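Working notes, beginning with the structure itself.
The values are calculated or read from the model by the stated rules, or taken from the named source; none is laboratory data. The structure displayed is predicted, hence computed values, not measured ones. Because the Cβ atoms are built from the backbone with ideal geometry, glycine has one as well, and the counts that use them run over all protein chains shown.
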Amino acid sequence: MITVPKDFLAKWKNGPSEKPLAFSRSERRHRHSRDRSAAADSLKFTKVDNFRRCSRCVLDTTVSDIWFDAAGVCKYCYIHDEMERLHPLKNMEEDLQRIVKRIKKAGRNKTYDCIVGVSGGRDSIYTLFLARKLGLRPLAVYFDNGWNTEIAVSNIRKATDLLRVDLHTVLADLEEFKDLQRAFLKASVPDADIPTVYAIHSVLYETAAKQGIGYILHGHSFRTEGTSPISWTYMDGRYIKNVHRRFGSGVIRSFKIMMLPYLLYYSFVKRIREVRLLEYIDYNKKKVDEILAHDLGWVYYGGYHHKNLYTKFFQSFLLPNKFNIDKRKTELSALVRSGQKTREEAIAELEASAYQYDRSVVIYAVAKLGWTLEEWERVYHRAPRSHKDFKTYLPLIRLLRLPIWVACKLRILPHILYLKYAS
Ligand SMILES: [Zn+2]
């Protein structure tokens, strides 16, 4: 239980100094243009002087690595089309049956034939539901970093009980994990939520290797979630270690950060494969919500990935206010591309209001991270940086683009790895 110091509430009444937290409609319009020009000055990786939006989706020049073709269609629409080509809806039934057959064959005579990482959100719970419906025998793995909401935890319990799936929980050392989160916030990069994502990834591979399970099923779908721009979210093991070494303290012991040799070992020696199950189905969020609520008593947690309070703090407050990054654009763009929303509806949603955040969540997160208000303000006002300011595997990935392309073609590595990082 976190105790919030009284002065937090008083001092945060109007938000951190120099940056008001609440805006009227007219202020917001002014702020958007002001922020764009301010961002161009201060964010060396975000050039937004000539604001431009993709003619097909709603991604725009706040994504620094974006490019547009002659028709104004963006890089991420191209990635979407390539993923559609690799996972065409017309062949999905056959492809799905083929992959399920392969998973069952590899898992014969084993307790489990696949692993599903569960967070309590729609995508992971539906992946678990679908896996059972397809006759698979998954082991659910839950990584608890101390920030998940009660709704998310309850969703996991209900789903694993009703679906009769064993649940393996990996509890992070909470102090150690907070140190890693603080290190990313001090590093002042927009990737401050990747410790959780990468830790989950590492834990899934480690558990699969220990249990002799050959398949990890993911709940990600490019049709509903899209592909997060590399300048908005970048992650690899070398990056995490470098940020922790420069801004953290101690050694991370409670989970293994997956470095490149581990990934190669898991992929080529242990032959563990990742399958994005939802990419083989016509995944419709509205319909899925109804199924999950009806069959598993699943409860929506509200917002974009707000099942985790750190993610909520980070995505709804820190990214828009400090980095001029609105992650709603990624998901809305995906829904536009897959025909679940019109571009006009998505633009209207974005322009109706800036990303809303809950002030109490910001206060809670700062207190839980163990910072005083003054310490947090110093961190908050540090000049933004990017992954390019740290050691990462990206130069090596770009150098090895040809073998990576071959490995993706052979389905040893996920295609998105090549499309996003190496192409
Ligand atoms: Zn686009």
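Regarding K285, is this residue under 15 Å from H220 (Cβ atoms), in contact with a Leu (Cβ under 9 Å, 6 or more places away or on another chain) and either at pLDDT below 90 or within 16 Å of the ligand (Cβ to nearest atom) (or both)?
Against the criterion (under 15 Å from H220 (Cβ atoms), in contact with a Leu (Cβ under 9 Å, 6 or more places away or on another chain) and either at pLDDT below 90 or within 16 Å of the ligand (Cβ to nearest atom) (or both)), K285 qualifies.
Residue count for the stretch 281-313, restricted to those that are among the hydrophobic types (A, V, I, L, M, F, W, C), farther than 30 Å from K178 by Cβ and assigned to a loop (DSSP other than H, G, I, E, B): 1. Just one of the listed residues (R122, R132, R137) is buried (at least 20 other Cβ atoms within 10 Å of the Cβ), basic (K, R), touching a Lys or Arg at 6+ places or on another chain (Cβ under 9 Å) and more than 22 Å from H415 (Cα to Cα), namely R122. Exactly one residue among I213, I194, I240 is under 21 Å from Y418 (Cβ atoms), in contact (Cβ under 8 Å) with a residue 40 or more places away in the chain and either in contact with a Cys (Cβ under 8 Å, 6 or more places away or on another chain) or crowded, with 21+ Cβ neighbours inside 10 Å (or both), and that residue is I194. Within the stretch 119-152, the residues that satisfy the criterion of being modelled with pLDDT under 95 and in a loop (DSSP other than H, G, I, E, B) are S119, G120, G121, N145, G146, W147, T149. Inspect the stretch 259-279 for any residue being part of a loop (DSSP other than H, G, I, E, B), farther than 23 Å from F323 by Cβ and free of Cβ contacts under 8 Å to residues at least 24 places away in the same chain and give the result as yes or no. The answer is yes; a qualifying residue exists. Spot the failing condition for D358; the list is (1) touching a His at 6+ places or on another chain (Cβ under 7 Å); (2) more than 27 Å from Y205 (Cα to Cα), and only one is missed. Failed condition: (1). Residues in the stretch 66-110 that are touching a residue at least 12 places away in the same chain (Cβ under 8 Å) and small (G, A, S): A71, G72, A106, G107. Filter the stretch 314-353 down to residues that are among the acidic types (D, E) and assigned to a helix (DSSP H, G or I) and give me whichever is surrounded by the fewest Cβ atoms within 10 Å (Cβ to Cβ). Among residues in the stretch 314-353 that are among the acidic types (D, E) and assigned to a helix (DSSP H, G or I), the one surrounded by the fewest Cβ atoms within 10 Å (Cβ to Cβ) is E344.
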